[in-house]
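Participant: Structure in structure tokens, see below.
The values are calculated or read from the model by the stated rules, or taken from the named source; none is laboratory data. Since this is a predicted model, take the numbers as computed values, not measurements. Every residue, glycine as well, gets a Cβ built from its backbone with ideal geometry; the counts of neighbours run over all protein chains shown. SASA here: full protein model, heavy atoms, side chains in, ligands and nucleic acids out. Shrake-Rupley method; radii C 1.70, N 1.55, O 1.52, S 1.80 Å.
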Amino acid sequence: MESGSVKSKYAEIIEYNTNYFESILKSGYEFTVEQIKGLMYNGYKDPDCFYKKETEGIITEDIRFSGDGIFSMRRIMRHFEKPNEMVGFYRSFHQKYTEPLFCFPCERGGINSARRLAFNDRPDCTLFDLKNYLNGNPTCIKYNRRHHAHKWLEWLKETYGSEAFKALVDFLNVNKPFVNSNYEIFDIEKGERSILNSLPEKRTSEWSLKYFNNLRNLLGV
């Protein structure tokens, strides 16, 4: 399937979800908040599996790149008490970001799932770990155990040398949200565009409300 048709499908799923959420809010039935959220979650379709990143100009061969969302549906529901606010956020976020901000090689146990286990999907920690690998420093994720990710990252190192992390960020197109002009990674938990210099020793299983709101501010949503 060509990337254009996949992107169109991705947009269609986003529109479907938004319309579905709004139809529940406008139904007129007297549901509880938990019932509304349950209906939304059960009828929600994950758009990321319908997105594939264009790989022109980088190693492609047998590597495909799939989208990996920043905000999971479960996380959005957790941080919004009122369903209408949740739907408003979902709509505004996808109006501003029409493609996934993260996109990694498709493979079983790849970066998409590994970063969830290692960092609970925190984007700043994910980028910091990738930067460590590209710079030859110890990492939390064992990239050499992931065939496609390892092949891609090694290609970046061989092709770009000391500029490998810059090339990765440029490919993902996350320059403005997550790094400054020197490609230093913002510490989202601290906010105020603080720089992340090390991974936190303790990483909770959930994002704090502060982290969620700081990430929203960083993304402008």
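Participant: May I ask you to list the residues in the range 42-62 that are surrounded by fewer than 18 Cβ atoms within 10 Å (Cβ to Cβ), at pLDDT below 90 and in a loop (DSSP other than H, G, I, E, B)?
Facilitator: Matches in the range 42-62: 54, 55, 56, 57, 58, 59, 60, 61, 62.
Participant: Which residue out of 168, 199, 218 is out of contact with any Lys or Arg (no Cβ under 6 Å at 6 or more places or on another chain), in a loop (DSSP other than H, G, I, E, B) and either closer than 25 Å to residue 86 by Cβ or of a type outside the set (Val, Ile, Thr) (or both)? Before the answer, list the steps.
Facilitator: Numbers: 168 fails: in a loop (DSSP other than H, G, I, E, B); 218 fails: in a loop (DSSP other than H, G, I, E, B).
Going through 168, 199, 218 in turn, just one is out of contact with any Lys or Arg (no Cβ under 6 Å at 6 or more places or on another chain), in a loop (DSSP other than H, G, I, E, B) and either closer than 25 Å to residue 86 by Cβ or of a type outside the set (Val, Ile, Thr) (or both): 199.
Participant: Taking the stated definitions as given, is residue 104 closer than 22 Å to residue 153 by Cα, buried (at least 18 other Cβ atoms within 10 Å of the Cβ) and at pLDDT 90 or above?
Facilitator: Numbers: closer than 22 Å to residue 153 by Cα: yes; buried (at least 18 other Cβ atoms within 10 Å of the Cβ): yes; at pLDDT 90 or above: yes.
Considered against the rule, which asks whether it is closer than 22 Å to residue 153 by Cα, buried (at least 18 other Cβ atoms within 10 Å of the Cβ) and at pLDDT 90 or above, residue 104 comes out as yes.
Participant: Which residues, taken from the range 173-189, are free of Cβ contacts under 8 Å to residues at least 12 places away in the same chain and either open to solvent by less than 30 Å² (accessible area, probe 1.4 Å) or closer than 17 Å to residue 217 by Cα (or both)?
Facilitator: 175, 176 - these are the residues of the range 173-189 that are free of Cβ contacts under 8 Å to residues at least 12 places away in the same chain and either open to solvent by less than 30 Å² (accessible area, probe 1.4 Å) or closer than 17 Å to residue 217 by Cα (or both).
Participant: Follow-up. Mind checking which residues of the range 126-181 are among the acidic types (Asp, Glu) and under 21 Å from residue 70 (Cα atoms)?
Facilitator: Taking the range 126-181 as the starting set, the residues that turn out to be among the acidic types (Asp, Glu) are 129, 154, 158, 163, 170.
Residues satisfying the conditions are 129, 170.
Participant: Do you know which of the residues in the range 107-117 that are in a helix (DSSP H, G or I) and touching a residue at least 24 places away in the same chain (Cβ under 8 Å) is farthest from residue 74 (Cα to Cα)?
Facilitator: Our first condition is that a residue be in a helix (DSSP H, G or I); within the range 107-117, this holds for 111-117.
Next cut, touching a residue at least 24 places away in the same chain (Cβ under 8 Å) only: 111-112, 114-115.
On the way: 111: 20, 112: 16, 114: 18, 115: 17 Å.
That would be 111.
Participant: Then there is this: Looking only at the range 88-120, which residues are under 22 Å from residue 198 (Cα atoms) and touching a helix residue (DSSP H, G or I) at 6+ places or on another chain (Cβ under 6 Å)? Break it down stepwise before answering.
Facilitator: In the first step, residues of the range 88-120 are kept if they are under 22 Å from residue 198 (Cα atoms); the result is 102, 111-120.
Result: 111, 115, 119.
Participant: Among the residues of the range 12-26, which ones are more than 23 Å from residue 78 (Cβ to Cβ) and over 26 Å from the mean Cα position of the chain (by Cα)?
Facilitator: Within the range 12-26, just 26 meets the criteria.
Participant: Suppose we keep only residues that are polar (S, T, N, Q) and closer than 20 Å to residue 172 by Cβ within the range 63-93. Which one would you say is surrounded by the fewest Cβ atoms within 10 Å (Cβ to Cβ)?
Facilitator: Our first condition is that a residue be polar (S, T, N, Q); within the range 63-93, this holds for 66, 72, 84, 92.
In the following step, the residues that additionally are closer than 20 Å to residue 172 by Cβ were identified as 66, 72.
Values: 66: 20, 72: 14.
Restricting to residues being polar (S, T, N, Q) and closer than 20 Å to residue 172 by Cβ, the top hit is 72.
Participant: Among the numbered criteria (1) part of a loop (DSSP other than H, G, I, E, B); (2) in contact with a Gly (Cβ under 9 Å, 6 or more places away or on another chain), which one does residue 104 miss?
Facilitator: With respect to (1) part of a loop (DSSP other than H, G, I, E, B); (2) in contact with a Gly (Cβ under 9 Å, 6 or more places away or on another chain), residue 104 is out only on (1).
Participant: Exactly one condition in (1) closer than 16 Å to residue 105 by Cα; (2) surrounded by fewer than 20 Cβ atoms within 10 Å (Cβ to Cβ); (3) hydroxyl-bearing (Ser, Thr, Tyr) is not met by residue 208; state its number.
Facilitator: Condition (1) is where residue 208 drops out.
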